[in-house]
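The values are calculated or read from the model by the stated rules, or taken from the named source; none is laboratory data. No experiment lies behind these values; they were computed from the predicted model shown. Cβ: placed from backbone, ideal geometry, glycine included. Neighbour counts: every protein chain shown. SASA here: full protein model, heavy atoms, side chains in, ligands and nucleic acids out. Shrake-Rupley method; radii C 1.70, N 1.55, O 1.52, S 1.80 Å.
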Amino acid sequence: MPDKLTNDARSIARREILSQRRKLSLQETKDAGLKILSILREHEFFRQKRVVASYIAVRGEVDTGSINSWLLKNGHTLALPVVDPVQDGEMSFYKAEPETVFTKGR
């Protein structure tokens with residue numbers, strides 16, 4: 001069994017990964033999202049309507065815009081995380097609709 005990472009090692013690894021992710025161009029994150037979408041569209045799991053949790057990309061994350069749009073257009077229920085502005089760190093998932101307007105949070 002591999003040794004567990006210490007909290008310090010985990011923090012260092014997270015910082016390095018975040019640093020690498022932030023170096024990606026907008027086009028690279030968009031291309032990655034489109035590549036994922038092409039896989040999802042063909043996957044048997046998505047042939048039935050599902051509740052799917054996703055996110056809205058920030059800070060160099062893979063662009064999920066095309067994925068989220070496709071899910072909504074194809075009858076899936078899209079659940080997106082919302083961080084509670086009062087209860088620090090509390091996160092809930094909410095159903096998104098095509099007309100949902102989002103505001104930037106954490």
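Leu72 falls short on exactly one of the conditions (1) on the phi > 0 side of the Ramachandran plot; (2) open to solvent by less than 50 Å² (accessible area, probe 1.4 Å); (3) not β-branched (Val, Ile, Thr), and that condition is (1).
Counting only residues that are under 12 Å from Leu37 (Cβ atoms) and of a type in the set (A, V, I, L, M, F, W, C), which one in segment 54-69 is surrounded by the fewest Cβ atoms within 10 Å (Cβ to Cβ)? Looking at the filtered set, the residue picked out is Val62. Within segment 79-89, one or more residues are under 20 Å from Phe102 (Cβ atoms), open to solvent by less than 60 Å² (accessible area, probe 1.4 Å), modelled with pLDDT under 90 and under 15 Å from the mean Cα position of the chain (by Cα).
Right, Leu26: at pLDDT 90 or above and either over 28 Å from Val101 (Cβ atoms) or within 14 Å of the chain's Cα centre (by Cα) (or both) or not?
Considered against the rule, which asks whether it is at pLDDT 90 or above and either over 28 Å from Val101 (Cβ atoms) or within 14 Å of the chain's Cα centre (by Cα) (or both), Leu26 comes out as no.
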